Amino acid sequence: VVARLLLYVTALGSVGLTLFVLLVRPPETVAGPSSRLAIRLALAGLVALALRLGIAGMELGGLPFGALAGTRPWTVALSTTLAPATLVAVVGLVGLVGFAAGPRLPAIVTAAAALLVALSFGLTGHAATAPPRWLTAPAVSLHVLCGAFWLGSLLPLVWSLRLGPAQAAPVLRRFSRVALLAVALLVAVGCVLAWIQLDGDLPALLTTAYGLRLSGKLAFVAGLLALAAVNRLVLTPALAHDRQGAGRRLRHSLHADLLLGLAVLAVTATFPLSPPPRALAAPPDGIESQGITVVASGSGGQAALTLVPGHAGTNAMGAWVTDREG
């Protein structure tokens with residue numbers, strides 16, 4: 001979970017900062033620090049990618065932590081969907097370093113690098129591999145891209161407030177225009193992915209471990225949306241009219257946004273700890289009806305895994321692997 005959170009903060013932070021500089025076009029006094037931080041986060045993201053790969057291999061292979069010093073965890077991880085996802089993310093992060101370090105790459109190249117990082121999240125994970133893949137994989141990538149822009153822009157917006165109302169207000173207005181579309185897409189795509197993961201069963205939000213995690217994330221997102229509405233409709237106009245205390249109140253609101261954003265990422269990092277309701281299926285014929293059954297589908301067929309009695313303690317596990325013809 002910590003490795004995933006570290007990857008989210010570094011990789012998505014780098015994407016968000018880069019997109020902010022590219023789309024919002026802040027003054028150099030804000031663009032400079034944003035680009036330098038994007039470089040640091042992208043480089044840290046490369047380390048986080050390696051850490052995630054090694055830990056995943058260690059977990060999948062049932063290996064002790066010390067095995068990270070050997071080759072076994074890495075070879076295990078490289079046999080999974082994490083391998084192409086990591087490669088695509090590495091290419092994207094290296095491209096972002098090139099943009100931020102200068103000389104400036106063409107905007108289309110920089111946008112492609114940011115898109116590659118987002119696409120890497122659509123190549124692996126519960127949501128990205130859920131059927132139908134043609135919908136879920138692009139949806140996850142778009143969700144990540146929009147979320148990265150929104151959360152990655154918060155710190156540069158705080159820095160913009162130091163410039164004074166006359167210079168900060170145009171930056172905030174340009175950000176708001178882009179953010180309106182980004183947040184709308186973020187919420188719409190998020191709802192589609194949640195519906196798929198919950199298998200259309202909304203009560204599962206409160207009756208399953210995965211649903212409770214998702215409910216916590218939605219609560220934090222609701223807080224972010226409420227603050228965004230206040231910022232856009234109340235505090236930004238007040239700053240534009242140079243009302244007393246508007247800058248201070250907006251700064252406090254953006255700091256709260258940052259904390260809520262980190263909370264969203266932290267909850268998201270825990271999602272793989274619980275199978276989504278769509279993966280919890282009624283057992284096929286001949287399989288124990290008690291306990292917990294998880295069905296994992298792939299291009300060649302499916303595996304049905306059962307745990308009996310299905311709670312903490314000693315369990316019996318059965319696995320039934322079938323091809324597409326059953």
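Key figures for this structure:
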{"quantity": "Rounded tilt (10° steps) of 13-24 against the dominant C-alpha axis of the chain", "calculated": "40"}
{"quantity": "Thr81, Thr207, ranked by accessible area, largest first (probe 1.4 Å)", "calculated": "Thr207, Thr81"}
{"quantity": "Percent accessible area from carbon and sulfur atoms, the stretch 181-326, protein chains only, probe 1.4 Å", "calculated": "65"}
{"quantity": "Dipole axis of the chain (+1 Lys, Arg; -1 Asp, Glu on Cβ), positive-most option in Leu260, Met58, Pro276", "calculated": "Leu260"}
{"quantity": "Normalised contact order of the chain, rounded percent, pairs of Cα under 8 Å and 6 or more residues apart", "calculated": "15"}
{"quantity": "Within a Gaussian network of the chain (alpha carbon springs, distance under 10 Å), most fluctuating of Pro73, Pro276, Pro203", "calculated": "Pro203"}
{"quantity": "Apportionment of accessible area to carbon and sulfur, the stretch 67-155, percent (1.4 Å)", "calculated": "79"}
{"quantity": "Under the Karplus curve 6.51 cos²θ - 1.76 cosθ + 1.60, θ = phi - 60°, whole-Hz ³J(HN,Hα) for the stretch 28-41, x wherever Gly or Pro sits", "calculated": "4, 5, 9, 5, x, x, 5, 5, 5, 5, 4, 4, 4, 5"}
{"quantity": "Prolate/oblate/rounded call for the stretch 64-187, Cα gyration tensor, a/c under 1.5 rounded", "calculated": "prolate"}
{"quantity": "Probe 1.4 Å, all protein chains present, accessible-area order of Trp134, Trp320, Trp74, largest first", "calculated": "Trp134, Trp320, Trp74"}
{"quantity": "Per residue accessible area of the chain, 1.4 Å probe, in Å²", "calculated": "49"}
{"quantity": "Amide N proximity, the stretch 220-248 versus Ala256 label position 7 Å along Cα-to-Cβ, cut-off under 14 Å", "calculated": "220-236, 248"}
{"quantity": "Among Pro73, Ala319, Gly147 the positive-end extreme of the charge dipole of the chain (Cβ point charges)", "calculated": "Gly147"}
{"quantity": "Helix-only [θ]222 nm of the chain, DSSP H runs n ≥ 4, -39500 (n - 2.57) each, per residue, nearest 500", "calculated": "-21000 deg cm²/dmol"}
{"quantity": "Most mobile listed residue (His255, His143, His311) in the chain, GNM with C-alpha springs under 10 Å", "calculated": "His311"}
{"quantity": "Projected label distance in nm at Asp242 and Val294, using a 7 Å step from Cα toward the beta-carbon", "calculated": "6.0"}
{"quantity": "Cα centre as origin, Lys/Arg/Asp/Glu Cβ charges: the chain dipole, Debye", "calculated": "1460"}
{"quantity": "Ranking by accessible area, most exposed first, for Arg162, Arg133, Arg52 with a 1.4 Å probe", "calculated": "Arg162, Arg133, Arg52"}
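The values are calculated or read from the model by the stated rules, or taken from the named source; none is laboratory data. Note that the structure is a prediction, hence the values are computed from the model and not measured. Cβ: placed from backbone, ideal geometry, glycine included. Neighbour counts: every protein chain shown. Surface areas here come from the heavy atoms of the whole protein model, side chains and all, with no ligands, DNA or RNA. Shrake-Rupley method; radii C 1.70, N 1.55, O 1.52, S 1.80 Å.
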